[in-house]
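Asks: Before I ask anything, let me first share the structure, which is written out below as C-alpha cells.
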Amino acid sequence: MNKINFDDDSAVLIIGSGAGGGTLANELCQKGIKVILLEAGKHYSIQDFHNNEWEAFSQLAWLDKRTTSGDWRVAQDFPNLPAWICKTVGGTTTHWAGASLRIQDYEFKAKTVYGEIENANLLDWPLALEDLADYYDKAEDKMGVTRTHGIPGLPGNNNFKVMHAGATKLGYKKVNTGHMAINSRPRDGRASCMQLGFCFQGCKSGAKWSTLYTEIPAAEATGNLDLRTETHVLRIEHNESGKVSAVEYVDKDGKHHLQKAKIICVAGNSIETPRLLLNSQTSQYPDGLANSSGQVGRNYMRHTTGSIFAMFDKPVNMHRGTTMAGIIQDESGHDPKRGFAGGYELETLALGLPFMAAFLNPGAWGKDFTHALENYKHLAGMWIVGEDMPQEKNGVTLHADEKDQYGMPVPNVHYDDHANDIAMRNHAYKQGMAVYDAVNATNIYEVPPYPSTHNLGTCRMSKRSSDGVCNKWGQTHDIDNLFISDGSQFTTGAAENPTLTIVTLAIRQADYIADQLNSREL
Amino acid sequence: MYKKPISRRLFLKFGGFSTLTSKYLLTSSAGLLHALTVYANEPDSLDENDIKLLFSILKQMYPHNILNDLHYQKVVEKIIESSSSDEAVNKIIKNGISKLNDTVDKTMVKNTWIESSSAEQLETLKKISKTEFFSKLKSTTINTLYNDDEVWELFGYEGDAFSKGGYLYRGFNDLDWLPEPPAEASPKFKG
Ligand SMILES: Cc1cc2nc3c(=O)[nH]c(=O)nc-3n(C[C@H](O)[C@H](O)[C@H](O)COP(=O)(O)OP(=O)(O)OC[C@H]3O[C@@H](n4cnc5c(N)ncnc54)[C@H](O)[C@@H]3O)c2cc1C
Ligand code: SF4
C-alpha cells in the first residue's frame, strides 16, 4: 500500500535505491522529510542471495536490452551488455565489492593539473576535496570502511599474499588490504566477514555494506519512507513554469501511474539517469530535461580497466575470501613521465570458474584457454582501475528504433578509448605483469575489460551551466527542483572506485535539499 | 599473451587427476547411448553421426585431458535440447555440421572431419571460427561445461562457500609458499 497519494505533491521523489538513491532517501527521512522511493527491481533479502555466479547474475543484474557502439572491446564481446548494473532494491550495492577510496585532491582539478588534452572534454569539478572532507568522514562511518574511524583492516587472503609479495619485490610501498566497506569485526548490527568469496554475488553474511540492509530499513524505521518496488519510471513531467512536477511509472502488473512530487531526484545509475531525462522531452524541453548544455548523456566514463591473471606452480585458491582483498596505490598519482595523464590503482580480483570461462578472453577456445581454466586453482588475479578521459562523443543516446518491454527506446552506449586510456592501460598491464613475474608466475594473462561496473559522468556537475548538467549540489542548472543523485554527476572519473564518493555526495545533497526546503527556496 | 613454459611440477600434479577420472570413462558411453536413444526418433533431430561429430568438435575446441565424455555430454545434450526446441538453432547446427565436411574437403582435399588428424581438425576449426555454428558451440560450452560442479571439483574451484561457513577457518589465507605480509598491510583476524 502506498503511504502517499498519487496527487500529493509534497514529498521528495527518488528514482533508484542504490548507492546514491538509497542513501539520499535515508538521509532525508532521518531529517523528517517524506520520501517516495521508486525502484524498478524486486525486494530480496540476504537469504535469497546465491553463492553461484550465473544464478546471482540472472537474479539481480539489469538485463533489459541495451545496445553498444564504439571501438571498445566490450561492444564486440558483449554487444547487449555494456554494463554490469543491478536492478533490485539496493541497486548495484548488492553486487559491488566494497572498495571505498576517497578521490584525491588533484583529481578534482583535472583540467588545471593535466592541461588541455586533445579530444578530451576535461573540466575541474565545481568543488574541492576540502568541501567534501566532513562528508567523506560521515560516509566512511556510515559504511564502516576499514582503516578509517579506528576500524582495523581486513586480513589478507591468498590472492593478496601473491600481490603483496610481488609488489613489494618490485619496490611498491603502498600495498595493503585496502579501505573496504566490509566489516572486519561486527559493527552496526552486522556480522564480520566470513571470507566467503562471493562479494560480487550479494554478501550472505551482511558484512559488506549495501543500502538494501542498511539505509533502506533505517529509512523505513522513521515512518517517512514510501518504498515502491517493481516500479519502472518512464518519464518525468513538468508544469507550465518548467519545474518538474510528477513521474509516470509502470508497476509490476503493467499499470501506469502518475505520481506527483515537490522535488525529483534521479539515481538510476549513469545509463538509466540520462536515458530518463532524454526520454522526458517535451515541446518546452525538446532535447530532454535539464539539457540546455547539450551534455545530458555525454562524457560517459567507465574507468580504464583490464585485468591480469597469472598462473603459479603452487596453488593459490584465489576464490577464497574477499573478492577485492588488497590494493597497490603507488601508481595512483599524476606523473606524466609515464606517458599519460592521471593515475590508476591495482586491486586484487578473483572470479569463480564460470566467470573466468566467460571473461578470461571472451570468444577464446583452444589449448591455451583450456590450459588456463584447468589450472584454476593455481591462478591469482588483479584488476586495473584508472582515470579515463571524458569525451563528448562517449555516452548514452536513445536508440532510433529499438524499444524495451515498456515501449521506451533502449539506450545505446557508445565508447571509444582515448589515446590516454590506452597508454594508461598498457602501462598498468606491464606493471601488473611485473608484479606476478617477480614471484615467478609460469603464465600471465592480459584480460580485456568486463562490462562496465563503474558508470559515470553522463550528467556531470559544472560551475557554468553551459559546461554541464548540474551544480555542485547535484541540482540541475536548468530546473531547480530536479536533482542528479548518482555517479552521473561526476565531472571526471578519478582513479578511485566511485561509490564512496557517490554516497558522500548523497549525504551532502540531503543537507542541501533540507536547507532549501527550510528556507523555502524550493 | 605473455608466456613462460609451464613447469614440470604442474604436469605431474594433473597426472594424478587423470587417473582419478579414468573410472568415469566406463560409464560415459552408456550415457552417450542414452542421449542417442532419447533424441533419435524426433523428426529433423540430430542423428548418431551428427552427435559423434559434435563430441569430436567440442573436444577439439575445448581440450581437457582431465575431463571425459560424460562432461562434454552435458554440452551435447544442451545443444540437442535447444536444437529440438528452437528451429533457428536447429538450422544453425544442422547446417554447421553438413558444411563442416565441405570445409574439410575444400581446404584439405583429403578426409572427412572424423578421418582428419588432430592438426587438420584444428585448421578446419580456424576456418569456421566466424560462423554462427561455431559461436553457438562456444556460448553453449562456456555456459555449460564450466558451470558444472563436477568440472569445478576437478579444476579446484570449490563453489558454494556459505553452507560450509566460508573460508575464514577453512584456508582463505593458507598459502605458505610466499612470505607472510606484515600486520600493517594485512592485520590478523581477531575473532
Ligand atoms: C561486480 C561489481 C563490483 C563493484 N565493486 C565496486 C567497488 O568495490 N567499489 C566501488 O566503489 N564501486 C564498485 N562497484 C560499482 C558500484 O556498485 C556503483 O558505483 C554504485 O552502486 C552506483 O550507485 P548508483 O546509485 O549510481 O546506482 P545503482 O547502485 O546501480 O542503483 C541504481 C538503481 O536504480 C534503479 N533504476 C534505474 N532506472 C530506473 C527507473 N527508470 N525506474 C526505477 N528504478 C530505476 C535500478 O534498478 C537500480 O536499483 C561495483 C559494481 C559491480 C557490478
Ligand atoms: S567475502 Fe566477506 S564481504 Fe565478501 S561475500 Fe563473503 S562475507 Fe561478504
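The values are calculated or read from the model by the stated rules, or taken from the named source; none is laboratory data. Quantities reported herein were computed from a predicted structural model and do not represent experimental measurements. So basically every Cβ, Gly included, is an ideal-geometry build from the backbone, and we count neighbours across all protein chains shown.
Asks: Can you tell me which of A:Leu38, A:Leu24, A:Leu81, A:Leu28 is in contact (Cβ under 8 Å) with a residue 60 or more places away in the chain and more than 25 Å from A:Gly395 (Cβ to Cβ)? Steps first, answer last, please.
Replies: Values: A:Leu38 fails: more than 25 Å from A:Gly395 (Cβ to Cβ); A:Leu24 fails: more than 25 Å from A:Gly395 (Cβ to Cβ); A:Leu81 fails: more than 25 Å from A:Gly395 (Cβ to Cβ).
None of the others qualify; the one that does is A:Leu28.
Asks: In the set A:Thr229, A:Thr177, A:Thr168, which member is within 15 Å of ligand 1 (Cβ to nearest atom), farther than 28 Å from A:Glu55 by Cβ and polar (S, T, N, Q)? Don't jump to the end; show me each part of the working.
Replies: Details: A:Thr229 fails: farther than 28 Å from A:Glu55 by Cβ; A:Thr168 fails: within 15 Å of ligand 1 (Cβ to nearest atom).
Step by step, each of A:Thr229, A:Thr177, A:Thr168 is checked, and only A:Thr177 is within 15 Å of ligand 1 (Cβ to nearest atom), farther than 28 Å from A:Glu55 by Cβ and polar (S, T, N, Q).
Asks: Another question, then. Give the residues of region A:235-262 that are among the charged types (D, E, K, R), within 12 Å of ligand 1 (Cβ to nearest atom) and in contact with a strand residue (DSSP E or B) (Cβ under 6 Å, 6 or more places away or on another chain), sorted by residue number.
Replies: Residues satisfying the conditions are A:Arg235, A:Glu248.
Let's see how each residue does on (1) within 14 Å of chain B (Cβ to nearest Cβ); (2) touching a strand residue (DSSP E or B) at 6+ places or on another chain (Cβ under 7 Å); (3) among the polar types (S, T, N, Q):
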{"position": "A:Arg298", "(1), (2), (3)": "no, yes, no"}
{"position": "A:Ile308", "(1), (2), (3)": "yes, yes, no"}
{"position": "A:Met311", "(1), (2), (3)": "yes, yes, no"}
{"position": "A:Met318", "(1), (2), (3)": "yes, yes, no"}
{"position": "A:Gln329", "(1), (2), (3)": "yes, yes, yes"}
{"position": "A:Gly333", "(1), (2), (3)": "no, no, no"}
{"position": "A:Gly352", "(1), (2), (3)": "yes, no, no"}
{"position": "A:Phe359", "(1), (2), (3)": "yes, yes, no"}
{"position": "A:Pro362", "(1), (2), (3)": "yes, no, no"}
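Asks: Is there any pair with a first residue in region A:47-61 that is on the phi > 0 side of the Ramachandran plot and a second that is assigned to a helix (DSSP H, G or I) and not acidic (Asp, Glu) whose Cβ atoms are under 7 Å apart and which are 6 or more apart or on different chains, and what are they?
Replies: Listed by first residue and then by second, the contacts come to nothing, as the list is empty.
Asks: Let me ask something else. Is it the case, given these coordinates, that A:Arg73 is surrounded by fewer than 16 Cβ atoms within 10 Å (Cβ to Cβ), closer than 30 Å to A:Ala341 by Cβ and in contact (Cβ under 8 Å) with a residue 24 or more places away in the chain?
Replies: When the stated conditions are applied, A:Arg73 passes them.
Asks: Against the condition in contact with a Lys or Arg (Cβ under 7 Å, 6 or more places away or on another chain) and either more than 11 Å from ligand 1 (Cβ to nearest atom) or more than 27 Å from A:Val247 (Cα to Cα) (or both), how does A:Phe49 come out, does it pass? Please lay out each step first, then the result.
Replies: Values: in contact with a Lys or Arg (Cβ under 7 Å, 6 or more places away or on another chain): yes; either more than 11 Å from ligand 1 (Cβ to nearest atom) or more than 27 Å from A:Val247 (Cα to Cα) (or both): yes.
Yes; evaluated as a whole, the condition is true for this residue.
Asks: What number of residues in region A:84-105 are without any contact (Cβ under 8 Å) to a residue 60 or more places away in the chain and not in a helix (DSSP H, G or I)? I'd like the intermediate steps shown before the answer.
Replies: Within region A:84-105, the first condition is being without any contact (Cβ under 8 Å) to a residue 60 or more places away in the chain, and the residues that meet it are A:87, A:105.
Okay, now just the ones that are also not in a helix (DSSP H, G or I), so A:87.
Residues flagged as without any contact (Cβ under 8 Å) to a residue 60 or more places away in the chain and not in a helix (DSSP H, G or I) within region A:84-105 amount to 1.
Asks: Can you find, within region B:144-190, the residue that is surrounded by the fewest Cβ atoms within 10 Å (Cβ to Cβ) among those that are more than 7 Å from chain A (Cβ to nearest Cβ) and in contact (Cβ under 8 Å) with a residue 12 or more places away in the chain?
Replies: B:Glu150
Asks: How about region A:365-395: which of its residues are more than 14 Å from chain B (Cβ to nearest Cβ) and either free of Cβ contacts under 8 Å to residues at least 24 places away in the same chain or in a strand (DSSP E or B) (or both)? Explain how you work it out, then say what you get.
Replies: The initial filter retains those residues of region A:365-395 that are more than 14 Å from chain B (Cβ to nearest Cβ), namely A:382-395.
Hits for region A:365-395 are A:Met382, A:Trp383, A:Ile384, A:Val385, A:Gly386, A:Gly395.
Asks: Hey, another quick one. Filter region A:206-232 for residues that are within 14 Å of ligand 2 (Cβ to nearest atom) and out of contact with any helix residue (DSSP H, G or I) (no Cβ under 8 Å at 6 or more places or on another chain) and give the result.
Replies: Residues of region A:206-232 within 14 Å of ligand 2 (Cβ to nearest atom): A:206-210, A:212-214.
Correct list: A:Ala207 only.
Asks: So which of A:Ser283, A:Ser270, A:Ser245 is away from chain B (no Cβ under 14 Å), part of a loop (DSSP other than H, G, I, E, B) and of a type in the set (Ser, Thr, Tyr)? Give the derivation first.
Replies: Numbers: A:Ser270 fails: part of a loop (DSSP other than H, G, I, E, B); A:Ser245 fails: part of a loop (DSSP other than H, G, I, E, B).
Only one candidate passes the filter, namely A:Ser283.
Asks: Can you tell me which of A:Glu27, A:Glu53 is more than 22 Å from A:Lys252 (Cα to Cα), acidic (Asp, Glu) and in contact with a Gly (Cβ under 7 Å, 6 or more places away or on another chain)? Write out each step before concluding.
Replies: Values: A:Glu27 fails: in contact with a Gly (Cβ under 7 Å, 6 or more places away or on another chain).
Answer to the check: A:Glu53.
Yes/no matrix, rows are residues, columns are (1) within 18 Å of the chain's Cα centre (by Cα); (2) surrounded by fewer than 24 Cβ atoms within 10 Å (Cβ to Cβ); (3) closer than 30 Å to A:Leu349 by Cα:
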{"residue": "A:Ala191", "(1), (2), (3)": "no, yes, yes"}
{"residue": "A:Glu240", "(1), (2), (3)": "no, yes, no"}
{"residue": "A:Lys252", "(1), (2), (3)": "no, yes, no"}
{"residue": "A:Ala267", "(1), (2), (3)": "yes, no, yes"}
{"residue": "A:Pro286", "(1), (2), (3)": "no, yes, no"}
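Asks: What are the residues in region A:181-225 that are within 14 Å of chain B (Cβ to nearest Cβ), within 16 Å of ligand 1 (Cβ to nearest atom) and outside any loop (DSSP other than H, G, I, E, B), if any?
Replies: A:Ile182, A:Cys199, A:Phe200, A:Gln201, A:Lys208
Asks: A further question follows. Answer yes if at least one residue in region A:15-32 is more than 16 Å from ligand 1 (Cβ to nearest atom), closer than 10 Å to A:Asn224 by Cβ and out of contact with any helix residue (DSSP H, G or I) (no Cβ under 6 Å at 6 or more places or on another chain), and no otherwise.
Replies: yes
Asks: While we're looking at this one, here's another question. Within region A:28-36, identify whether any single residue is within 14 Å of another protein chain (Cβ to nearest Cβ) and either more than 20 Å from the chain's Cα centre (by Cα) or within 16 Å of ligand 2 (Cβ to nearest atom) (or both), and answer yes or no.
Replies: Of the residues in region A:28-36, the ones within 14 Å of another protein chain (Cβ to nearest Cβ) are none.
Checked region A:28-36: no residue is within 14 Å of another protein chain (Cβ to nearest Cβ) and either more than 20 Å from the chain's Cα centre (by Cα) or within 16 Å of ligand 2 (Cβ to nearest atom) (or both).
Asks: In this structure, does A:Val145 turn out to be among the β-branched types (Val, Ile, Thr) and in a loop (DSSP other than H, G, I, E, B)? Break it down into steps so the answer makes sense when it comes.
Replies: Details: among the β-branched types (Val, Ile, Thr): yes; in a loop (DSSP other than H, G, I, E, B): yes.
Here the answer is yes, as A:Val145 does meet what is asked.
Asks: From (1) within 15 Å of A:Tyr344 (Cα to Cα); (2) within 16 Å of ligand 2 (Cβ to nearest atom), pick out the condition that doesn't hold for A:Trp96.
Replies: Every listed condition holds for A:Trp96 apart from (1).
Asks: Considering each residue of region A:484-522, count those that are outside any helix (DSSP H, G or I), modelled with pLDDT of 95 or more and hydrophobic (A, V, I, L, M, F, W, C), and give that number. Give the derivation first.
Replies: Just the residues of region A:484-522 that are outside any helix (DSSP H, G or I), to begin with: A:484-486, A:490-498, A:519-522.
Remaining after also requiring modelled with pLDDT of 95 or more: A:484-486, A:490-498.
Remaining after also requiring hydrophobic (A, V, I, L, M, F, W, C): A:484, A:490, A:494-495.
Number satisfying all stated conditions: 4.
Asks: Further question on the same structure: Looking at this structure, is A:Thr148 away from ligand 1 (no atom under 14 Å from the Cβ), more than 9 Å from chain B (Cβ to nearest Cβ) and among the hydroxyl-bearing types (Ser, Thr, Tyr)? Break it down into steps so the answer makes sense when it comes.
Replies: Details: away from ligand 1 (no atom under 14 Å from the Cβ): yes; more than 9 Å from chain B (Cβ to nearest Cβ): yes; among the hydroxyl-bearing types (Ser, Thr, Tyr): yes.
When the stated conditions are applied, A:Thr148 passes them.
Asks: Sort out which residues of region A:106-137 are more than 20 Å from the chain's Cα centre (by Cα), among the acidic types (Asp, Glu) and either outside any loop (DSSP other than H, G, I, E, B) or within 16 Å of ligand 1 (Cβ to nearest atom) (or both), and write them in order of number.
Replies: A:Glu130, A:Asp131, A:Asp134
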